[in-house]
Amino acid sequence: MVTFGARGVLFLHSAPRALAPHLEWAVGRALGRAINFSWSAQPVLRGSLRAEYFWQGAPGTGALLASALRGWEHLRYEVTEDPSPRVDGGRWMHTPDLGIFFAQTDSVGNMVISEERLRSAMESAGANGLELQRELRLALGQAWDDELEAFRQASDINQVIWLHKVG
């Protein structure tokens, strides 16, 4: 009997069409059951697909999913794992250019930055306020958020108008 103690969402923001069955297999293997995504076109990147999948599993499944998807070229994804009793939540973001980012999350989905990470940022920045801002943006995964934002907004629910020629 399998007990599900954790849940979350897998957002496959963009994947080459040829990878779709392989990604379903990789996610299914991590979850221990066959998976079929409801794929749709990703308008931000011609020829790519997007999918969202709500998952349930044992605590730590979010990390298993992120690991199963890591290393696939041209893949943009996010994995969230909601906190469960005695287990912190997490958020993993991946882009081809930046690689993977992980942050612990609290009960409402806010990223939690550890005391040691904050101390490191302050020490690296010294008295330079701009450097402290840069360090904190890095700790929050701002570069990943910036790169993924257009892909997040390009679902059927959220209409995005793409300007191809300005001026």
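Looking only at the stretch 71-109, residues that are of a type outside the set (Gly, Ala, Ser), at pLDDT 90 or above and either out of contact with any strand residue (DSSP E or B) (no Cβ under 6 Å at 6 or more places or on another chain) or not in a loop (DSSP other than H, G, I, E, B) (or both) come to 19 in all.
Residue-by-condition table, conditions (1) modelled with pLDDT of 95 or more; (2) over 24 Å from GLU147 (Cα atoms); (3) within 17 Å of the chain's Cα centre (by Cα):
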residue: SER14; (1), (2), (3): yes, no, yes
residue: LEU23; (1), (2), (3): yes, no, yes
residue: VAL27; (1), (2), (3): yes, no, yes
residue: PRO43; (1), (2), (3): no, no, no
residue: ARG46; (1), (2), (3): no, no, no
residue: PHE54; (1), (2), (3): yes, no, yes
residue: ALA58; (1), (2), (3): no, yes, no
residue: LEU64; (1), (2), (3): yes, no, yes
residue: ALA68; (1), (2), (3): yes, no, yes
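The single condition from (1) part of a strand (DSSP E or B); (2) out of contact with any Leu (no Cβ under 9 Å at 6 or more places or on another chain) that ARG134 fails is (1). Annotation: of all residues in the stretch 101-119 being of a type in the set (Val, Ile, Thr) and in contact with a Ser or Thr (Cβ under 9 Å, 6 or more places away or on another chain), the one that is nearest to GLN133 (Cα to Cα) is VAL112. Which of the residues belonging to the stretch 6-58 are under 25 Å from ARG86 (Cα atoms) and surrounded by fewer than 18 Cβ atoms within 10 Å (Cβ to Cβ)? ARG7, VAL9, GLY32, PHE54, GLN56, ALA58, listed by residue number. The residues of the stretch 81-111 that are in contact with an Asp or Glu (Cβ under 9 Å, 6 or more places away or on another chain), under 21 Å from LEU64 (Cα atoms) and surrounded by fewer than 13 Cβ atoms within 10 Å (Cβ to Cβ), listed by number, are PRO96, ASP106, SER107, GLY109.
The values are calculated or read from the model by the stated rules, or taken from the named source; none is laboratory data. All figures in this text were calculated on a predicted structure; none of them were measured in a lab. Virtual Cβ from ideal backbone geometry, glycine too; neighbours counted across all protein chains shown.
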